[in-house]
1. Regarding ARG258, is this residue over 20 Å from the mean Cα position of the chain (by Cα) and more than 19 Å from PHE327 (Cβ to Cβ)?
2. Can you name the number of the only condition in (1) over 27 Å from VAL90 (Cα atoms); (2) among the small types (Gly, Ala, Ser); (3) in contact (Cβ under 8 Å) with a residue 60 or more places away in the chain that GLY11 fails?
3. Scan region 171-225 for residues that are farther than 15 Å from VAL108 by Cβ, more than 17 Å from the chain's Cα centre (by Cα) and acidic (Asp, Glu) and report the count.
4. Which of the residues spanning region 278-336 are crowded, with 16+ Cβ neighbours inside 10 Å, modelled with pLDDT under 95 and among the charged types (D, E, K, R)?
5. If a residue has to be at pLDDT 95 or above and within 19 Å of GLY166 (Cβ to Cβ) to count, how many in region 93-142 make the cut?
6. Residue pairs, Cβ under 6 Å, 6 or more apart or interchain, first in region 180-195 and on the phi < 0 side of the Ramachandran plot, second of a type outside the set (Gly, Ala, Ser) and part of a helix (DSSP H, G or I). List them.
7. For residues that are at pLDDT 95 or above and small (Gly, Ala, Ser), scanning just region 235-257, find the one that is surrounded by the fewest Cβ atoms within 10 Å (Cβ to Cβ).
8. Scan region 307-316 and tell me whether some residue there is touching a residue at least 60 places away in the same chain (Cβ under 8 Å), under 22 Å from the mean Cα position of the chain (by Cα) and over 18 Å from TYR65 (Cβ atoms).
Amino acid sequence: MTFMNRKIIDGHVHYAHFSYEPGLMALMEDAGIDKLAVVCTPDQQRLSLVPDALLLKAKHPHKVYVFGGLDITPLFMAPGIAGEAFAHCVDVLMEMGVDGVKMIEGKVQIRKQLPIPDFDAPVYAPYWEHMAETGMPLIFHVNDPEEFWDPERVPDWAREMGWFYGDGTYINNEAQYQQVINVLERYPGLRVTFAHFFFLSAQLDRLAGYLDRFPNMHVDLTPGIEMYHNFSRQPEKARDFFLKYQDRILYGTDIGARALLGDQAAGIEQEESLARIEVVRGFLENEGPFTLAHEGFLFGGQEAVFQGIHLPGDVLDKIYFQNFERFAGAAPKPLNPQVIVEEGQRLQMMINVMAELQPGTSGDTSSADELLRVFSG
């Protein structure tokens, strides 16, 4: 598939290990991606993937933005002051030279593991207030496709990933939406991009209402393949939506998510990554139907037909890079080696302590070790 030659920032890329750098950057060059934003998530063995992202940014300081994940250990160790601890974590991220915050904690099975799962609970207030006051950009994963709660509609691949939520032990997606809307109402200055179109691609009127109410709210286009099936069922309405809210939509692909969720040894898989680019760009640029067939869980091994909405060039530029630059800055922030070294030392200590507290598990300090080697030199 041939695409227009345009400047692009991929605002949603996962980077599960610092060894992925050659494959990821080669893919980005081949795909014509000018810059990328690495969104960091917690890691069971290494606590954080921020060190890996910082190492990538150190090698490519003008190309890589970093959205750092929160250290959620305070929720387990000192839940009463978790909000203050998260606010301090934001300060440390900013001092290191991180460009924003990524929260995966609204993904349903991860939320279920939190001892204080309700995002509008009082304990989170200092964190939300600090995010709003500082204007720190937030990329927030909230919920999952609505069919994941429906035993008749949930895809087989989602069941295999443990993403069926209709057994009564998970939060209802509407309850979580309400909690997050409560947060937006209390902290209207919060600058947030909801990943995966806020999982409201089948409810465009509802999403439009939220965008009208909250001027600092954005959505990104990272698949969830269900998004593009939903858009393709009503292409004229989808095109009207994209034209009306052209300043509030950010390009992203979720490249690297498969390695993060599954076999990290696989690294950045080229075919699966190209499939993500093709479905997003094909939808935005093509006019009329187009067919894609790729292996992997994104397509479930099936050939799929989508409808393109053929957006004008000036709208594409907003979605491809201008909206992200307005959200997170025209260039990545410079790194602060001294603060980065201090954080690397803290992570080493925390990983070792947690390994001692959990017999049978061995903490992995490899990313923190590499971070200290690079930034202490």
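1. No; evaluated as a whole, the condition is false for this residue.
2. Of the numbered conditions (1) over 27 Å from VAL90 (Cα atoms); (2) among the small types (Gly, Ala, Ser); (3) in contact (Cβ under 8 Å) with a residue 60 or more places away in the chain, the odd one out for GLY11 is (1).
3. Adding up the residues that qualify gives 3.
4. Passing the criteria: only GLU278.
5. Count: 1.
6. So the pair list comes out as VAL183/TRP128; TYR187/TRP128; LEU190/MET131.
7. Filtering first and then ranking leaves ALA238.
8. Yes, region 307-316 has at least one match.
The values are calculated or read from the model by the stated rules, or taken from the named source; none is laboratory data. This structure is a prediction, so every number in the text was calculated from the model and none was measured. Here Cβ is always computed from backbone atoms with ideal geometry, including for glycine, and neighbour counts include all displayed protein chains.
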